[in-house]
Structure formats: C-alpha cells, structure tokens
Amino acid sequence: MSEMTSAQAIARLTKRPPVGATELLASEPLEIDAALGWARIAYLGKPEFCNELGFIHGGFLSAMLDEVMAIAATAPRNFDYVVPTLGMKASFLRGVEPGRLIAEGSIIKVQGREVYLAGELFNGAGELAVTASATARFRKLPWK
C-alpha cells in the first residue's frame with residue numbers, strides 16, 4: 001500500500017496526461033487516501049449536461065462516478081495503472097441539478113487483477129443522489 005499523503009497523491013494524479021472526459025467534467029481532486037483506496041472529487045455539473053427536465057443526464061453522472069472509482073482504485077498503485085471498467089451499475093436516487101457535485105469512490109476488494117469498487121455522488125445540497133458499483137481490471141500504463 002502507498003504511503004503518500006493526500007496532497008502527494010493529488011500532485012501525482014494531476015501530473016498524468018490530461019484526459020478529455022476529466023476536462024469536460026471539470027474534475028477537481030479534493031482528497032485521496034492512497035492507503036485505503038479512497039478518493040473524493042468535485043465535478044461541475046454544467047447546464048448543457050441536462051435533459052429536458054432540467055436534471056443532469058445519468059450518463060454524465062455515471063462518468064463522474066466511473067472516474068472517481070478509478071482514481072480510488074489506482075491510488076494505492078501510485079497511479080501507474082488504469083482500470084478499464086468491466087461492468088458498472090448506477091442507482092439514481094434523485095434528480096441532480098447543475099452546480100458543484102461531490103463524488104466519492106472506494107475499493108471494496110482486490111482479487112488478482114480485478115478490483116471491486118463503490119461510489120457515491122452528492123448533489124449541491126450534500127444529499128446522496130447516485131450510488132454505483134463497478135468491477136474493473138488493472139492494466140499497467142503503456143509508458144510505465
């Protein structure tokens with residue numbers, strides 16, 4: 001397990017080459033516990049992400065949760081891996097309006113190359129709005 005502080009983990013994460021989805025979602029790492037495999041990330045739910053009801057489309061919310069869970073999974077391995085998602089389930093508990101959103105991801109279990117993850121996304125009022133679970137597989141970054 002990694003001995004990085006949260007600030008060190010965030011610095012290491014942000015040194016990786018930028019990913020288009022991360023930029024689109026305005027991802028802002030807030031806290032990472034590499035030893036536990038846990039991350040808290042802020043996102044900007046933009047008005048252009050909304051459906052006709054004025055709520056952020058579930059695909060964008062799922063992308064946010066997919067990213068925060070991947071960050072939690074790769075933090076203990078010093079961000080030298082990616083974790084392509086093999087399967088993911090999201091449960092939408094309430095509509096999410098545009099604004100600053102907070103997502104948390106954590107490792108539930110690592111078994112060989114597979115990792116089982118959980119995520120939660122909170123709306124601007126701090127209410128739990130979406131939960132997710134995922135299975136992913138560790139892959140070494142090609143440049144490592």
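Quick notes
- Hey, Gly105 touching a residue at least 24 places away in the same chain (Cβ under 8 Å), open to solvent by 40 Å² or more (accessible area, probe 1.4 Å) and not in a helix (DSSP H, G or I) or not: no
- Flag for Ser133 being within 22 Å of Leu44 (Cα to Cα), open to solvent by 50 Å² or more (accessible area, probe 1.4 Å) and at pLDDT 95 or above: yes
- Residues of the stretch 1-49 that turn out to be open to solvent by less than 60 Å² (accessible area, probe 1.4 Å), more than 15 Å from the chain's Cα centre (by Cα) and free of Cβ contacts under 8 Å to residues at least 40 places away in the same chain, as a count: 2
- Residue in the stretch 87-108 that is modelled with pLDDT under 95 and more than 16 Å from Thr131 (Cα to Cα) present: no
- No other residue among Arg77, Arg94 is open to solvent by 50 Å² or more (accessible area, probe 1.4 Å), closer than 30 Å to Met4 by Cβ and of a type in the set (Lys, Arg) apart from Arg77.
- Test: residue in the stretch 84-97 that is in contact with a Ser or Thr (Cβ under 8 Å, 6 or more places away or on another chain) and among the acidic types (Asp, Glu): no
- Only listed residue being without any contact (Cβ under 8 Å) to a residue 60 or more places away in the chain and in a strand (DSSP E or B), chosen from Leu53, Leu86: Leu86
The values are calculated or read from the model by the stated rules, or taken from the named source; none is laboratory data. As the structure is a prediction and not an experimental result, all values here were calculated from the model. Cβ sites come from the backbone with ideal geometry, for glycine too, and all protein chains shown count toward neighbours. All accessible areas refer to the heavy atoms of the entire protein, side chains included, with ligands and DNA or RNA removed. Shrake-Rupley method; radii C 1.70, N 1.55, O 1.52, S 1.80 Å.
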